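Some notes on the structure that comes next.
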Amino acid sequence: MSSPDPLRVAVIGSGPAGIYTADALTRQSREDVAVDLVDRLPTPYGLVRYGVAPDHLKIKRVARTLREVLERPQVRFVGGVEFGRHVDRAGLARAYHAVVYATGAAVDRRMGIPGEDLPGSVAATDFVNWYCGHPDSEVERFLLDAEEVAVVGAGNVAVDVVRLLAKSGEELRGTDIPQPVLEVLAASRVRRIHLLARRGPLQAKFTAPELRELGRLPGAEVAVRPEQVDIDPTGPQMRTAERAARTNLAILKEWAARPPAARPRRIELRFWTRPVEVLGTDRAEALRVERTVLDDDGRLAGTGEFDTVPAGMVFRSVGYAGTALAGVPFDAATRTVPHVQGRVLDPEGGIRPGDYVAGWIKRGATGVIGTNKSDAAATVRSLLDDAPKLRAAAPVLEPVEDVLAGSGAVVTDYGDWLTIDAAEVERGRRLGRGERVKLGGWSELHAALGR
């Protein structure tokens, strides 16, 4: 039987994990619920908006599915509110029976090598934020004035970065990239891009669709070293390789057999290559690398053979990591919030009543966008099982507006997001660039809202 008073839940983060949590909460019939999606940005969708490559239009359309959840009567979008700054866990306890942390994994993992902090050595996450128009990223952050660059990593984000660097401005014109960012990309001096993977082609994490896109770029030649993909199809490596890895290898072998083509840009894929130092005096100039192998135990080992890769910019793409939230337990080793079945654990291993976790901050940066749906559903099952205890622990709640009074938060709602959305659609129409063009920076978002 449903309760006449809804179970009030705050979800911190309005990306896929957060919205799928709201979806699972509002689809069930065990409990009447009211869900607030709390985000520091005035724009929902998280990684879908600020992480998916702008030329992946089909993937970005998942926002239409997420939008349906935001428009349910039991769900509110509460933007402009930063957890730990405008409100803490004690404040949320005054307004909600439960809190679900779904803040994702928004920072990069470091390579841990000398020279990594030189100007020109940057995180791929910063570059992704920049070309996706995240308001924290300024247009001037990237000039793309180096002719030769290196991208370190063998996942889909690394391939996204390579592809965006290799495309012309005209190829990107139909995307939602902010206009000033598009102009920088169109004027890019980058001509040679090294994609460096520490392990071999069978261990690479990128997927075949992402990989194939590189080979279809009309303005970029893709070069693969034949000896690095010359793997015996009947040997032990292939017998234990996953199907996806065998598909990747077939693509790479096809490219290795291609004759050279004269194109404006060149992408060079190098496997068994790990960075050991970013070289340069005042800024990145090159990357010192070491050839690697797998030892008898399957662990990566250096061979002592070194080389230098010219690179005026180095983009590290070696994984995403979560960040600690104020007053919330955090495992520094896994960069996640410790939990059991989605229930947050305190440092002693006990369950923290009313605290839950979902998405990448729960399990690490693994899986695709859709993986968050089942992950969120599992957390919601635990939360609903705890509902009687949650209600008993907080019989009287305050409106969250009262909790936020005097916090300095400039709160936005779903109607404000629709205003921003309409402004971006109009900009796309006015520029003749497609479905939409993102507003760039905080000033434009505030201007669209008349603030």
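Once the stretch 161-219 is narrowed to residues that are within 23 Å of Ala244 (Cβ to Cβ) and of a type in the set (Lys, Arg), the residue that is surrounded by the fewest Cβ atoms within 10 Å (Cβ to Cβ) is Arg216.
The residue that is nearest to Pro338 (Cα to Cα), among those in the stretch 362-396 that are assigned to a helix (DSSP H, G or I), under 22 Å from the mean Cα position of the chain (by Cα) and of a type in the set (Ser, Thr, Tyr), is Thr379. Scan the stretch 95-110 and tell me whether some residue there is assigned to a loop (DSSP other than H, G, I, E, B), modelled with pLDDT under 95 and hydrophobic (A, V, I, L, M, F, W, C). Among the residues of the stretch 95-110, at least one is assigned to a loop (DSSP other than H, G, I, E, B), modelled with pLDDT under 95 and hydrophobic (A, V, I, L, M, F, W, C), which makes the answer yes.
State whether the residues of the stretch 343-357 include one that is in contact with a helix residue (DSSP H, G or I) (Cβ under 7 Å, 6 or more places away or on another chain), in contact (Cβ under 8 Å) with a residue 12 or more places away in the chain, of a type in the set (Phe, Trp, Tyr) and not assigned by TED's automatic domain parsing to the domain that holds Gly200. There is at least one residue in the stretch 343-357 that is in contact with a helix residue (DSSP H, G or I) (Cβ under 7 Å, 6 or more places away or on another chain), in contact (Cβ under 8 Å) with a residue 12 or more places away in the chain, of a type in the set (Phe, Trp, Tyr) and not assigned by TED's automatic domain parsing to the domain that holds Gly200.
As a summary of the residue check, Asp355 satisfies the conditions (1) assigned to a loop (DSSP other than H, G, I, E, B); (2) charged (D, E, K, R); (3) under 24 Å from Val11 (Cβ atoms) except for the one numbered (1). For the stretch 261-271, the criterion of being small (Gly, Ala, Ser), in the same structural domain as Thr292 (by TED's automatic domain parsing), within 26 Å of Asp307 (Cα to Cα) and at pLDDT 95 or above is met by none of the residues. Is it true that Gly450 is outside any helix (DSSP H, G or I), exposed (fewer than 13 other Cβ atoms within 10 Å of the Cβ) and not polar (S, T, N, Q)? Against the criterion (outside any helix (DSSP H, G or I), exposed (fewer than 13 other Cβ atoms within 10 Å of the Cβ) and not polar (S, T, N, Q)), Gly450 qualifies. If I filter the stretch 223-238 for residues that are among the charged types (D, E, K, R), at pLDDT 95 or above and either assigned by TED's automatic domain parsing to the domain that holds Gly304 or out of contact with any helix residue (DSSP H, G or I) (no Cβ under 7 Å at 6 or more places or on another chain) (or both), do I get at least one hit? Yes, the stretch 223-238 has at least one match.
If I ask for residues that are exposed (fewer than 13 other Cβ atoms within 10 Å of the Cβ) and of a type in the set (Gly, Ala, Ser), which ones from the stretch 260-300 would you list? Hits for the stretch 260-300 are Ala261, Ala262, Gly298. Annotation: of all residues in the stretch 53-73 being part of a loop (DSSP other than H, G, I, E, B) and surrounded by fewer than 21 Cβ atoms within 10 Å (Cβ to Cβ), the one that is modelled with the lowest pLDDT is Arg61. Listed here are the strands (runs of 3 or more DSSP E) enclosed by the stretch 247-344 that have at least 3 residues being out of contact with any Ser or Thr (no Cβ under 9 Å at 6 or more places or on another chain) and not polar (S, T, N, Q): 265-270, 273-279, 300-310.
The values are calculated or read from the model by the stated rules, or taken from the named source; none is laboratory data. No experiment lies behind these values; they were computed from the predicted model shown. Cβ atoms come from the backbone with ideal geometry, glycine included; neighbour counts cover every protein chain shown.
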